[in-house]
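Colleague: Below you will find the structure I want to go over with you.
Quick note: the coordinates plus some simple rules give every number you see, no bench work behind them. Predicted model only: the values in this text are computed from it and were never measured. Cβ atoms come from the backbone with ideal geometry, glycine included; neighbour counts cover every protein chain shown.
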Amino acid sequence: MTPLLSVPVAADFVAPTVDYVAVLPMLIVFGAAIVAVLVEAFAPRASRFSIQVGVALVGLIAALGAVGKLIVDGTRVETAGIPAADGTLAASIVIDGPAIFLQGTILALSILAVLTMTERSTDGGAFTPQASAVPGSPGEGAARRVGLVQSEVFPLMLFSVGGMLMFPASNDLLTMFVALEVFSLPLYLLCGLARRRRLLSQEASLKYFLLGAFSSAFFLYGAALLYGFAESVRLADIAAAITGTGRPAVVGQDGLLLLGIALLAVGLLFKVGAAPFHIWTPDVYQGAPTPVTGFMAACTKVAAFGAMLRVVYVALPGARWDFMPALWGVAILTMVVGSVIAIVQTDVKRMLAYSSIAHAGFLMTGVLAIDKIGISGVLFYLFVYGFTTIGAFALVSLVRDAGEDGVGGEATHLSQWAGLGKRHPMAAGAFTLFLLAMAGIPLTSGFMGKYAVFSAAVSNGAWVLALIGVLASAVAAFFYVRVIVLMYFSEPSGSASVVATPGVGTLFAILLSVVVTIVLGIAPTVLFGPAEAASLFLP
Amino acid sequence: MSPYVPILVLAAIAAAFAVFSIGAGALAGPKRYNRAKLDAYECGIEPTPQAAGGGRFPIKYYLVAMLFIVFDIESVFLIPFAVAFDRLGLFALIEMVLFIATVFVAYAYVWRRGGLEWD
């Protein structure tokens, strides 16, 4: 008689091989995040903020050092996880050229973002003293008077950075989903912590959370359908199943494949802020505390485009003729919507948000080149765009209302920027440089970035995309130049604004962004070389 | 498209069942409202009206619920480990200790920040 329930005898357990050097950057960042939570729990309140800044900076710089070691050792390919013998959960992280390049970019940008978050010299900083206090309540006023500070910003930010490092290095869709959630959930919280205009900030946080959760569900459902198609969540197995060389020869399941790709694309396109999944961007960018907006705009874009590159180039090359037309449409729509709607914006943060949507479109032309030079172009573009964005938002956080007792809240209405060039030539000059870089004017890094992605598109027959990209850039140049004209050639009409004296952190972030923007505009080969060397995805 | 016919049929049956159940309930069911019926179902506290003057919304219930989920998930991972720990070796033991340690970091945070005090 056979037993009804037989307990299978487990095969000998094989411990996964983990290359700890390859995953060291992520381990350091997550370790620093856990230490930061302990600091939050046990450090005395008075010294908490400064300890948190130290932990965050030390962690991120050490992680950047670990990435540097990977670069010095040569672009090795390392996978971590269970050995790839047995399918589904094998080798969940892959550290190849693009992963190392993107991790280095994310870490460098997040160090600058931490520096802008430490700014407390004007108006007590960008973050609310007590997030749980109801806006406008006596409790909020009391927290402000006592000088409380919500130093949880730093552990949240570290967890988010850890997830961003993992996202473009994920070798299977489940790991990718976990990374997506790990970097998104802290961002939702960070968006709601603004010191001024708290209701707007909380609204931004709620909108971002609801729409983000919705898009994560799309991503997960897409991953499930692709698993149904390929019987594996590994990107390489999905690629093999598409070309018909996979373990199970999949025939006649194109419906699963196409639907899976479509749903997965919705999740990724939401994160990069591509039209028509861009609606959240202006509200969230406007409502979030400005240093968080800079962090989000720069680092999320790097991580999400990294993951999109990996999915498109590793998992889906066999199906490209099926999904390319749709992504072409999305890219064109994104460029046009971002550039055109930005023209009518009157708030500088909303204008930069629409500008970031347009940039997502330009980046997609590089992704759609489906070529090695497309990858290196996107890597270069992400690097230079990240620095320009962090610098621009750091400057936005300095331009303030002229309150009766010193400086007030941020003056984000464009009319308040009129005449800034005469009163504060340094700040206006730096902002002008960032705007020119975003517009893609020659001798700035933005021009070289655009040149890289558009030339990659042209050389692979996507000249229509490049043409629309150039036209959209021309439209976009209008609203960038309009701000410059406003700053230099018009007189302030209503309430004047002042530029607050920046603290060391913000000043360093702005100066480094200026240097990167100029140097990579004049000598782009400094970065083109590494970007080209790094532009090979390994399954 | 034949592999999709069963899925479509299933979706149609599911939709029809939902429409029928709600419709039949709305048409045939007695409507006797009382206060308890309009309350939040099973868990949570009344979200409205808010405390006068924009007071703080009490979240202690949710804190306990979140902590429960954290330890719930911890046991989900602990039980398979406990069943097979003799075969898993030192690597799995270290992994489990690291996992439990990180869970306790969150626990220590909640404890120190007063999340375990009901009043």
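Colleague: Quick one: if the Förster radius is 45 Å, what FRET efficiency do B:Lys37 and A:Glu181 give, using the C-beta to C-beta distance and rounding to 0.05? Spell out each step's value before the answer.
Modeller: Details: r = 36 Å, r/R0 = 0.80.
It comes to 0.80.
Colleague: List the residues whose amide H sits under 5 Å from the amide H of A:Asp347, counting only those 5 or more places along or on another chain, with H placed 1.01 Å from N in the peptide plane.
Modeller: Those lying under 5 Å, H to H, from A:Asp347 are A:Leu414.
Colleague: Compute the angle between helix A:301-310 and the longest alpha-carbon principal axis of chain A, please, reported from 0 to 90 degrees and rounded to the nearest 10.
Modeller: Helix A:301-310 sits at roughly 20 degrees to that axis.
Colleague: Same structure again: Considering the options B:Gly114, B:Ile73, B:Ala84, tell which one lies farthest towards the positive end of the dipole of the stretch B:57-119, charges being +1 on Lys and Arg and -1 on Asp and Glu at the Cβ, about the Cα centre.
Modeller: Positive-end residue among those listed: B:Gly114.
Colleague: What net charge is computed for the residues neighbouring A:Gln416, neighbours being all others with C-beta under 11 Å from the C-beta of A:Gln416, Lys and Arg scored +1, Asp and Glu -1? Please report the intermediate quantities before stating the final value.
Modeller: Details: positive: A:Arg400; negative: A:Asp347, A:Asp401, A:Glu410.
With Lys, Arg at +1 and Asp, Glu at -1, the net is -2.
Colleague: To the nearest 10 degrees, how steep is helix A:24-42 against the longest Cα principal axis of chain A, on a 0 to 90 scale?
Modeller: 60
Colleague: For n ≥ 4 DSSP H runs only, could you compute -39500 (n - 2.57) per run for chain A, divide by its residues and tell me the 222 nm figure to the nearest 500?
Modeller: Numbers: 21 runs with 353 residues, N = 539.
The helix-only estimate for chain A comes to -22000 deg cm²/dmol at 222 nm.
Colleague: Each residue of the stretch B:14-22 in turn: what ³J(HN,Hα) in whole Hz from Karplus with 6.51, -1.76, 1.60 and θ = phi - 60°, glycine and Pro shown as x?
Modeller: Rounded to whole hertz, the list is 4, 5, 4, 5, 5, 4, 4, 4, 5.
Colleague: A further question on this structure: Would you mind getting the Kirkwood hydrodynamic radius of the stretch B:57-119 from its Cα pairs, rounded to one decimal in Å?
Modeller: On the way: mean 1/r = 0.0757 Å⁻¹.
Here the Kirkwood hydrodynamic radius works out to 13.2 Å.
Colleague: What residues qualify as long-range amide H neighbours of A:Arg400, i.e. H under 5 Å apart, gap of 5 or more or another chain, H built at 1.01 Å from N?
Modeller: HN-HN under 5 Å from A:Arg400: A:Ala411, A:Val498, A:Val499, A:Ala500.
Colleague: Given H placed 1.01 Å from N in the peptide plane, which residues other than close sequence neighbours of A:Ile93 have an amide H under 5 Å from its amide H?
Modeller: Those lying under 5 Å, H to H, from A:Ile93 are A:Ala80, A:Asn171.
Colleague: Charges only on Cβ, +1 for Lys and Arg, -1 for Asp and Glu: so what's the dipole of the protein assembly as shown about the Cα centre, in debye to the nearest 20? Don't jump to the answer; show the numbers that get you there.
Modeller: Numbers: 35 positive and 36 negative charges, 278 e Å.
Roughly 1340 debye, rounded to the nearest 20.
Colleague: Placing +1 at every Lys and Arg Cβ and -1 at every Asp and Glu Cβ, with all other atoms neutral, what dipole size does the stretch B:57-119 have around its Cα centre, in debye to the nearest 20?
Modeller: Values: 4 positive and 6 negative charges, 28 e Å.
It works out to roughly 140 debye.
Colleague: Count the net charge of all other residues whose Cβ sits under 11 Å from the Cβ of A:Arg310, scoring Lys and Arg as +1 and Asp and Glu as -1. Intermediate results must be reported in sequence, preceding the final value.
Modeller: Details: positive: none; negative: A:Asp96, A:Asp172.
With Lys, Arg at +1 and Asp, Glu at -1, the net is -2.
Colleague: Along the charge dipole of the protein assembly as shown, which of A:Ala113, A:Val39, A:Trp321 sits closest to the positive end, that is, farthest toward it, with unit charges on the beta carbon of Lys, Arg, Asp and Glu (+1, +1, -1, -1)?
Modeller: Most positive-ward Cα: A:Ala113.
Colleague: Return one number: the angle in degrees, 0 to 90 and rounded to the nearest 10, between the long axis of the Cα atoms of helix A:504-522 and the longest principal axis of the Cα atoms of chain A.
Modeller: 70
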